[in-house]
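The values are calculated or read from the model by the stated rules, or taken from the named source; none is laboratory data. All values derive from a computational prediction rather than experimental measurement. Cβ coordinates were reconstructed from backbone atoms using ideal geometry, including for glycine residues, and neighbour counts include every protein chain displayed. In case anyone asks, the SASA skips ligands and DNA or RNA and just uses the protein heavy atoms, side chains included. Shrake-Rupley method; radii C 1.70, N 1.55, O 1.52, S 1.80 Å.
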Amino acid sequence: MALYPKPAEGSWTSHYPDVGTGFVSYEDSISPEFHADEREAVFKRAWLNVGRVEELPRPGSYFTKELEVAGTSLIVVRDKQGEVRAFHNICRHRGNKLVWQDYPREEVSGTVRQFTCKYHGWRYGLDGACTFVQQESEFFDLDKNAYGLVPVHCDVWAGFVFVNLAKEPPQSLREFLGPMITPLEGYPFDRMTERYDFRADIDCNWKIFLDAFQEYYHVPFLHPQEATPAARDKMTGFEAPHYQLDGPHRMVTADGVPRRLWPDDFQYPIEIATRSGLFGPWDEPDLGADLPGTNPGKVKNWAIDNFQIFPNLEILVWASGWYLTYRFWPTSHNTHRFEGTLFFPKAETASQRAAQECAAVMFKEFALQDAGTLAGTQEGLESRAAGDEFPLSDQELLVRHFHHAVGTWVEDYRRSREARTTSTGV
Ligand code: FES
Ligand SMILES: [Fe+2]
């Protein structure tokens, strides 16, 4: 697919003939069979973002990540040399979950010198090596050097920690991210050390919620408070000025005027009091003039870049000096766990802190407006009463491309499974 298209005429969608303009099926969001294959084809083959390096500040810092979609739990840890590593969270003796606290299914984090199994006390170093076996001489032919934790491919890009569950990932992380995403590594992500985390269990397929964050067609109607007063009064639609696709990844840019320039229009008095709101603090931090990788379309009045990194990570960069991530983790074919995190530069004053907290609260308000629609959509789609041909507009190019990309990965997987079955005669 072409990079950096500029439609001089016609639609954005027509510049990407691979995705077509036909009606789109949502069977991929309601079929348990499709989901079973999607787990193998997508979540066990793609690079998945599981956290940020700020969560691993020193050697011995770790966190666990429950990946129901891949049927495993991971330990992500910074080793003595400072390298970030990932392992399956399983003791090699008899399979006990190695790292957990009160409840085995709850994610935990902390700092340790080594990991000790709660069952019979086997120990593992930060590099995964098995360092101690209780009553080792009573075992038969056990070479504990061969019984380290099972490693998972792990790499870091721009401070984002990714894992890949494939035996041999077909591409390195950088190759996978490609030329549209990697230039963002010059953005000062490392300065955004104030974070606010939200997490919710949602009654819909993960792709249904992800779709809500890759088009702005719904904004004037579902979130009228986000529109400028003039646009709202006229109830005009919103048009994003730039879309771009690269491999399985997508991005859209939105433009707009800084929120501080229309201070009289607000939803809640707290926005005026804190000079903040959904669009973030109105008094912007100085991040320098050059923010690499952002605004690839060179849009005037750039406001937001919304990078959708396949399969389930979104990085949303605000021109006003902060960023958001969304992650969508399937827990079944019609449920998922949503994680939304806001990242700001360090607050130096109480008012900066209040502004950041107000932005976090407003984010929740708007995310709930989106989330409120989802269980109904899932039920409606599952009823199949409206058929299976859904029309998507030009502004929904990224929705179209996303389902196309997931479908392509699943088809490839099915083809290679079929080829294996045929060649082995099983
Ligand atoms: S299962 Fe971990 S030490 Fe026995
Ligand atoms: Fe929305």
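Observations on the structure shown:
- Estimated vicinal HN-Hα couplings, Hz - the range 100-115 in sequence order (Karplus 6.51, -1.76, 1.60; Gly, Pro = x): 6, 10, 6, 10, x, 8, 8, 6, 9, 8, x, 9, 9, 8, 7, 9
- By the helix-only formula, in which each DSSP H run with n ≥ 4 contributes -39500 (n - 2.57) and the sum is divided by residues, the chain has a 222 nm mean residue ellipticity of -7000 deg cm²/dmol.
- At the residue level, ILE272 shows approximately 70 square angstrom of accessible surface with a 1.4 angstrom probe and all protein chains present.
- Residue of ILE270, ILE315, ILE30 that the Gaussian network model of the chain assigns the largest fluctuation, springs spanning Cα pairs under 10 Å: ILE270
- Taking every full run of DSSP H in the chain, none both stretches at least 20 Å from end to end by Cα along its long axis and averages 0.5 or higher on the Kyte-Doolittle scale.
- Phi-derived couplings, Karplus 6.51 cos²θ - 1.76 cosθ + 1.60 at θ = phi - 60°, listed residue by residue for the range 32-48: x, 5, 4, 5, 4, 6, 4, 4, 6, 6, 9, 6, 9, 10, 8, 6, 10 Hz, with x used for Gly and Pro.
- Each listed q (0.13, 0.14, 0.22 Å⁻¹) maps to a log10 I(q)/I(0) for the range 48-164, found by the Debye formula over equal Cα scatterers with no solvent: -0.47, -0.55, -1.27.
- Over the range 48-164, relative contact order from alpha-carbon pairs under 8 Å, at least 6 apart, %: 28 percent
- Solvent-accessible area of LYS346, all protein chains in place: 120 Å² (probe radius 1.4 Å, heavy atoms, ligands and nucleic acids excluded).
- As a ratio to 2.2 N^0.38 Å, the alpha-carbon radius of gyration computed for the range 288-329 takes the value 1.23.
- Sum of side-chain charges, GLU284 neighbourhood, beta-carbon under 12 Å (Lys, Arg +1; Asp, Glu -1): +1
- Since only TYR119, PHE139, HIS93 are under comparison, the one whose Cα sits farthest along the positive direction of the charge dipole of the range 62-147, derived from C-beta charges on Lys, Arg, Asp and Glu, is TYR119.
- The chain, Rg to Rh (Cα coordinates; Rh as Kirkwood inverse mean 1/r): 0.99
- Springs between Cα atoms under 10 Å define the GNM used for the chain, and in it the highest mean-square fluctuation of PRO269, PRO169, PRO220 occurs at PRO269.
- Principal axis analysis of the Cα atoms in the range 135-280 yields extents of 78, 36, 35 Å, listed in decreasing size.
- Mean separation of Cα contacts under 8 Å, 6 or more apart, over the residue count of the range 228-361: relative contact order %: 24 percent
- Exposure rank, largest accessible area first [SER320, SER14; 1.4 Å]: SER14, SER320
- Surface analysis of the range 95-173 yields an accessible area of 60 Å² per residue, using protein heavy atoms and a 1.4 Å probe.
- For the cross-link pairs LYS44/LYS207; LYS65/LYS97; LYS80/LYS346; LYS80/LYS144, the ones whose C-alpha atoms lie over 22 Å apart are LYS80/LYS346.
- Length-normalised contact order for the chain - Cα pairs under 8 Å, 6+ apart - percent: 21 percent
- Among residues other than PHE132 with Cβ under 11 Å from its Cβ, the summed charge is +1 (Lys and Arg +1, Asp and Glu -1).
- Exposure rank, largest accessible area first [HIS333, HIS223; 1.4 Å]: HIS333, HIS223
- Fraction of accessible area attributable to carbon and sulfur, the range 48-164 (%, probe 1.4 Å): 45 percent
- Taking a sphere under 15 Å around the Cβ of GLU107 and counting the other residues whose Cβ falls inside, with K and R at +1 and D and E at -1, yields a net charge of -1.
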